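*Asks:* Dumping the structure here so I can ask a few things about it.
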Amino acid sequence: MNALLTGLNSARNTLLTPTNEVERSMRNAMVLLVAAAFTLIPHFAHLPSWISLAATALLLVRGWLTLKNRPAPPKWLLISLAVIAGIAVWGTFGRVLGRDAGVACLVLLAGFKLLEMRARRDLFVVVFLCFFLLLTQFLSNQSFTVFVTGVLALLVLVGALTLFHAGAAPALMLITSLKDSLRTLAIAAPLALMAFLLFPRMSSPLWGVPQGSLGARTGLSDSMSPGSITSLAQSDELAFRVRFEGEIPAQKLRYFRGPVLANFDGKTWWPITEFARNTPQAFNIPETVPRYTQEIILEPHQRQWIFALEQAIQLPMVNGEAVRMTREGTLLARRAVVEKVRYTIVSAATPIWATQQDQADNGFLRAEYLRLPAGFNPRTLQFAEQLLAQLGASSGDPRPFIDALLKHFRTQGFSYTLEPPELGTHSVDQFLFETKAGFCEHYTHAFVVLMRSLGFPARVVTGYLGGEVNPVDNHLTVQQRDAHAWAEVWVDRQGWLRVDPTAAVDPSRIESGFGASFPQRSANQIAGFETPKWMTAARNWMVAAGTFWNNWVVGFGNERQRQLFGSLGMPDLDWRKLAVWLLGAGGLGMLIIWLMTRPRKVALSQAASLRAQLMKGFEKQGLAAEPQEDLRVWAKRIESQLTMPEREMLTQAIIAFEAAVYAPATNKKASWATALGFVKQLQRVVNTGVDRRIEKNPKHRTSA
C-alpha cells in the first residue's frame, strides 16, 4: 500500500512539478496520451471492434513505455504493424479511402504516431492530427453528447499545445495551461457563435452531412410478421421527437401512423404497391375532431415514410419538397430519410376516418382487404364460422364481432410478452389455440385474419404509440421500443375504424405506455431498482439539451436563420447582407480581442526591472546579456562558464520569467511572484559561485 501511494505521489509530482528534462518529457507524453484518449474514444462507438482494441492497445503501450522511460519500438516493427493494419482496414471496408475507412486509418495512424514519438516535433504532429480527428466525429454522429465530448477534448488539446510551447515549466504549469486553454476557448466562442449565426445558409443546414453518410440506422420495416416489432421493443434508440403547439394529447391518443400493410402471404404482411403511388387524398373528418399541430424531428431510418399523429390533414414540406400521402394514409417523403429532418404537420386524432375515394369504391375495398391465402390456418377459419353462426352477419356491422374477439382475447388466458414462442406455418392457429402469448404484432396479425375470415375488410397499421414527455422542455420523445401495430376495420358509410387488440390483453400499454407494461425495461429502472430522482432529472436535462441542439445547431438551416432574424426585425436578409454583417461583426470581435489581450506598458516595465535583477551577479564576471539579446540565446552562450547548479537554476529562472511575461491577466500577479522567487534563488547560487572563483583566481579579485 505504501509503495502504491509513493508511486502515485511520484507520478503527481512529475505531472505538476517536473524538476528536470526527463520528467518534463514524461509529463508532456502523459498529457498527450490523455488528450489523444479524449479524441479517440468517441470514435470507438462507430468503428469495428478490432480497430478500437488496436487503438487502445497502442495507447496503453505508449503509456507503459513512458512510465518505464523506455525507448520507442524499432522502426521496422512499427512499419510492419502499420502495413498489417492497413491490410486489415482494406479487408474490413473494401478500401482505405472514404469516410469510414479513412477515419479508421486516421485513428490507427494517431496510435502509431504516439508509439513512434522521439522528438518534441512529434508532440505537435499528434496534437494537430487529433484536431482533425475531432472534426471527423461529426461525420458519424452530430448529437449533443458528441459535441460535449468534443469540447472537452478540444480543451485538453489546446492545453497540451500551450504546455508544449512553454517548454520546461514552473510549478503547477499543467494546471495553468488548462486555465489558459479555457480562456482561449472563451475568447474564441463569441467569434464562433457570430460566424455560425451569420454565415449564409444553403437550403440544407450548415452542419448537414451528405445523404447516406450517417449510417444504416433503421426502424420500422415495410413488412410485418410475428416477432418483427418485438425486436424493436428491445431498442432504446430514438425514433423522433415531437413538440405540440398547446396541450399534448393523452397517451391513448398518441398513435403515430406509419406503413399500412394489407397483402398477406400466410406469414408476412406487405403494403399494397399500387397504393404507394397514389396522390394525396381528400378526407372526410368532422370539424369537431380535435386538431394537433406538431413539430417533429425525425431520425434517419433509410425509408421514405414519415410519421405524424393520425390522421394528417395538412401535409408538410421535407427538405424543401412536398410530402405526399397514399390512399391508406401513409406519409411519404420524396426520397429516403437518411439524415435528421424537421417538419410541422397538423393532424386530427380520430379513431375513424375515410378518403372520399374509399367511400365511393366499396367493391374495390372488399376485393383488396378480404383476401386471404388458401391453405393456411384452418382452425381459425372454423372459429370464424362458429362466431358467424352465433352472432349472425345480416346487419353488415363489424362492431359486434370486434367486441366478441376482444372479449375472447381478454378472457381466454392470453398474455402480453416480449418473449413470445416461435410460430410455424399456421401461425394464427398456433397463437389463438396453443401459445396464447405474444406482442402487439401477434394480436394484430391474428385479429385482421379473423376479421377477414368473418367477411369484413381489415388491414394492419404500423407506427408508434405513446412516447415519454420531458418535463424540462415539454417535448415528447418517441423511441424504437414504442413501435406498435394495430388494426383498422372498414365500417360501411363511415370509414376505417381503429381497433387495438393489445388493449384487450394489456390496457396499461395503451393508457400508460411501454414502461407500465414492462417496468424492467423502463428508463426509470436500473437493474430492477428505481432510478434516483437526481439521475432522472439529469437525463431529462440532457435530452432537452439534445433537442435544443438538434433544433438550433444541427437543424439551423436557411429557414431557421430567416426565422431568427425575422424575429429581430430583419426579415429580408439575403446572403449579401449576411456577408456584410459577418465581416463587420468579425472585425469588431477581433478588435475587442486585441484590446483585451494586447501587451501592457506596465508589464513591459516590470519585465525590464526583473531582467535587470536577473543580470546581477553575472555583471561581476562580465557575463551579462546584451540589451537586445534573447535570454535563452544568452544562457546557451555562457553555459560553459557556469557551474552545474548555476546552469540549472538559470534555466528555471528564465522559464519562470517567460511564463510571467506571457501569463494571462488573471494569473499575472502570481506568475511575477513565482519568477521573482526563482531570480532571488539564482542570485544566491551565482554569488556563491563568484566568491569561490575569486578565491581560486586572483584576476577576479582585481577586476572586482
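*Asks:* Hey, if we sort ARG637, ARG498 by accessible area with the 1.4 Å probe, largest down, what's the order?
*Replies:* From most exposed to least exposed: ARG637, ARG498.
*Asks:* Would you check the accessible area of TRP672, probe 1.4 Å, heavy atoms only, in square angstrom rounded to 10?
*Replies:* Its heavy atoms expose roughly 20 Å² to the probe.
*Asks:* Could you order SER181, SER508 by accessible surface area, starting with the largest, using a probe radius of 1.4 Å?
*Replies:* So the residues, ranked largest to smallest area, are SER508, SER181.
*Asks:* A 25 angstrom limit on the alpha carbon distance is what I want to check against. Which of LYS267/LYS436; LYS179/LYS616; LYS68/LYS113; LYS179/LYS636; LYS179/LYS680 exceed it?
*Replies:* Where the Cα-Cα span goes over 25 Å, the pairs concerned are LYS179/LYS616; LYS179/LYS636; LYS179/LYS680.
*Asks:* Also, I was wondering about something else. Give me the one-decimal nm value for the distance between modelled label points at ALA437 and ALA72, 7 Å along each residue's Cα-to-Cβ direction.
*Replies:* Modelled inter-label distance: 6.0 nm.
*Asks:* Given R₀ = 25 Å, FRET efficiency for ASP222-ARG291 by Cβ-Cβ distance, to 0.05?
*Replies:* 0.30
*Asks:* A follow-up question, please. Ranked highest first by the average count of other Cβ atoms within 10 Å around their residues, in what order do 450-460, 61-71 fall?
*Replies:* Ranking the peptides 450-460, 61-71 by packing returns 450-460, 61-71.
*Asks:* Counting other Cβ atoms within 10 Å, which trypsin sites (Lys or Arg not before Pro) in segment 91-156 have at most 11 and lie in a DSSP loop?
*Replies:* Passing both the DSSP loop test and the Cβ count: ARG95, ARG118.
*Asks:* Ranked highest first by the average count of other Cβ atoms within 10 Å around their residues, in what order do 286-297, 419-430 fall?
*Replies:* Ranked from most to least packed, the peptides come out as 419-430, 286-297.
The values are calculated or read from the model by the stated rules, or taken from the named source; none is laboratory data. It should be emphasised that the depicted structure is a prediction, and the values quoted were computed from it without experimental measurement. So basically every Cβ, Gly included, is an ideal-geometry build from the backbone, and we count neighbours across all protein chains shown. Only protein heavy atoms, including side chains, enter the accessible area calculation; ligands, DNA and RNA are left aside. Shrake-Rupley method; radii C 1.70, N 1.55, O 1.52, S 1.80 Å.
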